[in-house]
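Here it is, the structure in full.
The values are calculated or read from the model by the stated rules, or taken from the named source; none is laboratory data. Computed from a predicted model, the values in this text were never measured in an experiment. In this analysis, Cβ positions are derived from the backbone assuming ideal geometry, glycine residues included, and neighbour counts consider all displayed protein chains. Side chains are part of the model used for accessible areas, which takes the heavy atoms of the whole protein and leaves out ligands, DNA and RNA. Shrake-Rupley method; radii C 1.70, N 1.55, O 1.52, S 1.80 Å.
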Amino acid sequence: MNTQSLKFLLAAGAAVCAGIVPATAANGIKVEHLGVNNTLVRVNPDSVRWLIMPVQESCDDARVNVLADGKLERTIFVRLSKNHTDYTVPLDLTPYRGKKVVLDIVTPQSRSSVREAANDACWQDMALSDSYSTANREKYRPAFHHTPLYGWMNDPNGMVYKDGVWTLCYQWNPYGSKWQNMTWGRSTSKDLVNWEHHGPAIVPDGLGTIFSGSCAIDRENSAGFGKDAIVAMYTSAATSQTQSLAHSTDGGNTFHKYAGNPVITLDSEFRDPNMFWYAPAKEWVLVLAHALEHEMLVYTSKDMKNWTLQSRFGKGLGAQDGVWECPDLFELPAGKGSKWVMLVNLNPGGPFGGSATQYFVGDFDGKTFTPDRDKNGNVPTKWMDYGKDHYATVSFSDTPDGRRTVLGWMSNWQYANDVPTQQYRSANTLPRDLSLFRGKDGSWYLASAPSPEVDALRASTPAPVNSSLSTTPVVYTLPADNDGICEIDATITAAKGPVTMTLSNDKGEKTLITYDPAKATVSVDRTASGVTDFSRDFSAVTTAPLPAKVKALSLRIFVDRSSIEVFANDGQAVLTNLVFPSAPYSTLSVSADPKATLKALSVYPLKPTVK
């Protein structure tokens, strides 16, 4: 990482780490067991910054009510350890300086006696500390993808570009590496690949936890928060889901919630507001996911506070399984004109199971989105990425030079809570720039190519290889530095038979990338890729069609410590898949049947941005 604004301790067995004070009354922590499931922890917040809480992932969530001078400040949920501690998470005590702090904790595990409850590991391992380290202890943490420093992450949120800085907020659990306690975390970057972490941006309140949403720059001060304020709209999630506002006048460093929240209510489940300025009508447009109804709601507003429902889109169109979530709506050049694209994330119902991103191309008049139809009058289902691990994809607002740049969540709800990491869970995809192209059927399709900034990851430029191919594999050695992370660029011509590129290690683990010219497809087979037994849904072969005519196939393949992203023909087909090899992939072999030509092959070592 670049400069880290926060330094967190995430080592299991926190009590033995330097500078950490074990839980005793003399050292600022007093534990009182009131019953088999209820414990009070009294903490002195004046001498240290952090309370270190021990986590055992196999436990259920304990409810932790944080009281300061008898007032309930917040409620968090932590999988407090019972038998052993897998890792620790921090609670910031600085807001409560000068106050009496009590944690009223209700644990879910059944107990036969108070004595049994008192023996839980969490009470002995709970500790105080002034500092902690985020030094990576995970073999699978990506080397060049954005991840949280610790804890769980899912949807990217509140993505905005302002004054040369890319701001990425994200769904974050600061108190564990499974989904819970939804908060907006925040990171910033000046180059889209190196990220600086800033901790929580928007935290839960009386209206609920903070679900997904968007940010936009209010250049005309239409909301009254200040000219060029960054305005966030997000879903407040409690018993019901409502939509709320917050704003920042310091570039996103500090958000202030609107006193009139919530600004939109509905008598059914709706979430993930995505808003943008529609210049022809001089008003704001907002797209909301009406999740269980499999439709998107389109609202308009002059001031971001008072919204009018204008239309609905999606009933009976596209993939209709699961729930619809995380919409986005934007305009892209299309030939001599332009078209609008509606992104619709859904879970489950993806082409290979679980979560995925579908899209629709059409027209928008400021109030209604009208999708294009094919020659038979149907609205086709189109997928943005044919891998298993590409979801919640939305774009940055206010991007320079007319770009439309997106990030996705690189996981799948089928197994996101169970992947073999603990210090953190989940990463974002590489940033991608979007464009439209004509397919073989004459309709418009969405291409997503790696953003230009990604090229800066290359550590050197190797000499390209030109080789004839046959059933006997041509073998290349992958870079050994940085756990084999690399970019593989190839151009392939083939006759009728498939061409297969195999990434492998000396453990016999492998991932296959196959181009089938007869079927006009690219596929990724991760069934033998490494660790796969954490979920029966993980092993998979994913296949993407090539919608445009292909004379020679160009591939850009990005190999990180736990992911492979394949971009075919400048992003006309994309496959994003997690992999967890027990040792880094060390060789690339290429074979074909019948004879084909590897017109060019370059393997670029990449510079890590995450240590």
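Which residues, taken from the range 93-139, are closer than 30 Å to Phe580 by Cα and of a type in the set (A, V, I, L, M, F, W, C)?
Ala135
Return the residues of the range 257-281 that are charged (D, E, K, R), within 15 Å of Ile210 (Cβ to Cβ) and touching a Leu at 6+ places or on another chain (Cβ under 6 Å); say none if nothing qualifies.
Residues satisfying the conditions do not exist here.
Kindly indicate whether any position in the range 24-33 is open to solvent by less than 40 Å² (accessible area, probe 1.4 Å) and at pLDDT below 90.
Yes, the range 24-33 contains at least one residue that is open to solvent by less than 40 Å² (accessible area, probe 1.4 Å) and at pLDDT below 90.
While we're on this one: Answer yes or no as to whether Ala232 is in contact with a strand residue (DSSP E or B) (Cβ under 7 Å, 6 or more places away or on another chain), under 16 Å from Asp155 (Cβ atoms), among the small types (Gly, Ala, Ser) and open to solvent by 10 Å² or more (accessible area, probe 1.4 Å).
No: the conditions fail for Ala232.
Moving on. Can you tell which of Asp321, Asp267 is modelled with pLDDT under 95, of a type in the set (D, E, K, R) and under 27 Å from Tyr170 (Cα atoms)?
Result: Asp321 is the single residue among Asp321, Asp267 that is modelled with pLDDT under 95, of a type in the set (D, E, K, R) and under 27 Å from Tyr170 (Cα atoms).
Another question, if that's okay. Going through Ala573, Ala494, Ala518 one at a time, which residue ends up being in contact with a Lys or Arg (Cβ under 7 Å, 6 or more places away or on another chain), closer than 25 Å to Gly442 by Cα and not acidic (Asp, Glu)?
Going through Ala573, Ala494, Ala518 in turn, just one is in contact with a Lys or Arg (Cβ under 7 Å, 6 or more places away or on another chain), closer than 25 Å to Gly442 by Cα and not acidic (Asp, Glu): Ala518.
On to the next question. In the range 413-469, which residues are out of contact with any Pro (no Cβ under 8 Å at 6 or more places or on another chain), in a loop (DSSP other than H, G, I, E, B) and more than 17 Å from Val559 (Cα to Cα)?
If the condition is that a residue be out of contact with any Pro (no Cβ under 8 Å at 6 or more places or on another chain), in a loop (DSSP other than H, G, I, E, B) and more than 17 Å from Val559 (Cα to Cα), then Tyr415, Val419, Pro420, Thr421, Gln422, Gln423, Gly442, Ala463, Pro464 are the ones that fit.
Between residues in the range 338-356 that are closer than 12 Å to Tyr386 by Cα and of a type outside the set (D, E, K, R) and residues that are in a strand (DSSP E or B) and open to solvent by 20 Å² or more (accessible area, probe 1.4 Å), which pairs lie under 6 Å by C-beta distance while being six or more apart or on different chains?
Pro351/Trp383; Ser355/Asn347
Determine which member of the set Thr576, Thr587 is closer than 24 Å to Ile485 by Cβ, touching a His at 6+ places or on another chain (Cβ under 8 Å) and polar (S, T, N, Q).
Exactly one residue qualifies, and that residue is Thr576.
If you scan the range 365-389, which residues turn out to be closer than 28 Å to Met410 by Cα and either of a type in the set (Asp, Glu) or part of a loop (DSSP other than H, G, I, E, B) (or both)?
Val379, Pro380, Thr381, Met384, Asp385, Tyr386, Gly387, Lys388, Asp389
Another question, if that's okay. Identify all residues within the range 303-324 that are in a loop (DSSP other than H, G, I, E, B) and loosely packed, with under 14 Cβ neighbours inside 10 Å; write none if there are none.
Selection gives Asn306, Lys315, Gly316, Asp321.
Out of Trp172, Trp152, Trp123, Trp179, I need the residue that is surrounded by fewer than 23 Cβ atoms within 10 Å (Cβ to Cβ) and either closer than 26 Å to Asn347 by Cα or free of Cβ contacts under 8 Å to residues at least 12 places away in the same chain (or both). Which one?
Trp179
Would you point out the residue of the range 126-143, among those that are surrounded by fewer than 19 Cβ atoms within 10 Å (Cβ to Cβ) and polar (S, T, N, Q), that is farthest from the chain's Cα centre (by Cα)?
Looking at the filtered set, the residue picked out is Ser131.
Which of the residues belonging to the range 152-176 are part of a loop (DSSP other than H, G, I, E, B) and either touching a Ser or Thr at 6+ places or on another chain (Cβ under 7 Å) or of a type in the set (Asp, Glu) (or both)?
Hits for the range 152-176 are Asp163, Pro174.
While we're looking at this one, here's another question. Residue check: is Leu149 part of a strand (DSSP E or B) and at negative phi?
no
Could you grab me the full set of residues in the range 207-230 that are within 23 Å of Glu269 (Cα to Cα) and in a strand (DSSP E or B)?
Gly208, Thr209, Ile210, Phe211, Ser212, Gly213, Ser214, Cys215
I need the full set of residues from the range 80-113 which are closer than 22 Å to Arg137 by Cβ and open to solvent by 60 Å² or more (accessible area, probe 1.4 Å), in order please.
Matches in the range 80-113: Asn83, His84.
Turning to a different aspect of this structure: Just give me the residues in the range 426-480 being basic (Lys, Arg) and within 16 Å of Thr609 (Cβ to Cβ), in sequence order.
Residue satisfying the conditions is Arg458 alone.
Another question, if that's okay. If only one of Tyr386, Tyr424 is of a type in the set (Ser, Thr, Tyr) and in contact with a Lys or Arg (Cβ under 7 Å, 6 or more places away or on another chain), which one is it?
On inspection, the qualifying residue turns out to be Tyr424.
Also, I was wondering about something else. Filter the strands (runs of 3 or more DSSP E) completely within the range 484-570 down to those with at least 1 residues that are of a type in the set (A, V, I, L, M, F, W, C) and either touching a Cys at 6+ places or on another chain (Cβ under 7 Å) or crowded, with 22+ Cβ neighbours inside 10 Å (or both).
Here the list reads 486-493, 499-504, 510-516, 521-525, 553-560, 563-568.
May I pose another question? Picking from Thr167, Thr242, Thr254, which residue would you name as being surrounded by fewer than 23 Cβ atoms within 10 Å (Cβ to Cβ), touching a residue at least 12 places away in the same chain (Cβ under 8 Å) and hydroxyl-bearing (Ser, Thr, Tyr)?
Answer to the check: Thr242.
Is it fair to say Asp191 is touching a helix residue (DSSP H, G or I) at 6+ places or on another chain (Cβ under 7 Å) and not in a strand (DSSP E or B)?
Judged against the criteria, Asp191 is a match.
Here's something else I'd like to know. Going through the range 117-146 one residue at a time, which ones are of a type in the set (A, V, I, L, M), closer than 28 Å to Pro54 by Cβ and in a loop (DSSP other than H, G, I, E, B)?
Met126, Ala135 - these are the residues of the range 117-146 that are of a type in the set (A, V, I, L, M), closer than 28 Å to Pro54 by Cβ and in a loop (DSSP other than H, G, I, E, B).
Would you check if Tyr391 is closer than 20 Å to Lys315 by Cα, open to solvent by less than 10 Å² (accessible area, probe 1.4 Å) and at pLDDT 95 or above?
no
I'd like the residue in the range 329-374 that is under 23 Å from Ala216 (Cα atoms) and within 18 Å of the chain's Cα centre (by Cα) and, out of all such residues, is surrounded by the most Cβ atoms within 10 Å (Cβ to Cβ).
Result: Asn345.
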